[in-house]
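Since the structure comes first, as structure tokens, the remarks are kept for the end.
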Amino acid sequence: NLKTMIIQNPEFQIAEDLKSGKIVLWYWGRDEIGPRALCNRSILADPRQYNTVTRLNKIKDREQWRPLAPVLLEEHYGLIFDSKMDENMRYMLVTSKVKDSFKNKITGVVHSDGTSRPQIIEESSENPIKKVLRAFSDKTDCPCLINTSLNTFGEPIAFSPNDLFKIMFQIGTNV
């Protein structure tokens, strides 16, 4: 069932949906160009369950071995990762070693070598994804989400609302 909601504080409903295993299509703000989802056109999911990776790869018709990335607030970086934060992490360009204490908590975004390719949302960002991340963290004690580009196999990242609806109908009830 695809559903449309207009609610006062959508971040709480989105966080609840993610917590319950739903996959969320996130379409906000300016367009994105390039190979990375930077939280303007993203598919978001709960990283705590590895089976989420299987579901996302099925939706996107991707090979199972292809890694997914976490999105998190800048303030939570040191909680999850051992490496020094790098400016390029805003663009998912750098891998970082996941702390042993978090490897089993966020299995959906930890690569086989124990690293991940985080996307850091800076405090100065105006993207409302910050509210979703905080709400999800409050509900689950997990300070990150899976973030992958809002597209399906062979298609560019959603450019327009029409593209978003096309993707919604392609993936149907998998969300």
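The values are calculated or read from the model by the stated rules, or taken from the named source; none is laboratory data. Predicted model only: the values in this text are computed from it and were never measured. Cβ atoms come from the backbone with ideal geometry, glycine included; neighbour counts cover every protein chain shown. Just the protein is used for accessible areas: all its heavy atoms, side chains included, with ligands, DNA and RNA removed. Shrake-Rupley method; radii C 1.70, N 1.55, O 1.52, S 1.80 Å.
What area, in nm² and to one decimal, does the C-alpha convex hull of the range 40-175 cast on average over all directions? Working shown, then result.
On the way: hull surface 33.0 nm².
Result: a mean projected hull area of 8.3 nm².
Do the alpha carbons of any pairs in LYS19/LYS139; LYS60/LYS97; LYS60/LYS166; LYS60/LYS130 sit beyond 18 Å of each other, and which pairs?
Working: LYS19/LYS139 8 Å; LYS60/LYS97 26 Å; LYS60/LYS166 13 Å; LYS60/LYS130 25 Å.
Over 18 Å Cα-Cα: LYS60/LYS97; LYS60/LYS130.
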Determine which aspartates and glutamates satisfy two conditions relative to LYS131: a Cα distance under 15 Å, and not lying fewer than 8 residues away in the same chain.
-> GLU11, GLU16, ASP17, GLU74, GLU75, GLU122, GLU123, ASP141
Put +1 on the Cβ of each Lys and Arg and -1 on the Cβ of each Asp and Glu in the chain; which of LEU133, GLN64, GLY154 then has its Cα farthest toward the positive end of the dipole?
-> GLN64
Evaluate the distance, in nm, between pseudo-label points positioned 7 Å from the Cα of ASN88 and of SER20 along their respective Cα→Cβ axes.
-> 4.1 nm
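Per DSSP H run of n ≥ 4, the term is -39500 (n - 2.57); total these for the chain, divide by its residue number, and report the mean residue ellipticity at 222 nm rounded to 500 deg cm²/dmol.
-8000 deg cm²/dmol
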Of all accessible heavy-atom area on the range 24-113, the percent that carbon and sulfur account for (1.4 Å) | 50 percent
Pop a pseudo-label 7 angstrom from the Cα along the beta-carbon direction at both TRP65 and THR140 and give the gap in nm to one decimal.
-> 2.7 nm
GLN49 paired with LEU79, simple spin-label distance in nm, labels 7 Å along Cα-to-beta-carbon = 2.2 nm
Among 146-153, 118-125, how do they line up from the highest to the lowest mean number of other beta-carbon atoms within 10 Å?
-> 146-153, 118-125
To the nearest 20 debye, what charge dipole does the chain have about its Cα centre, counting +1 at the Cβ of each Lys and Arg and -1 at the Cβ of each Asp and Glu?
-> 480 debye
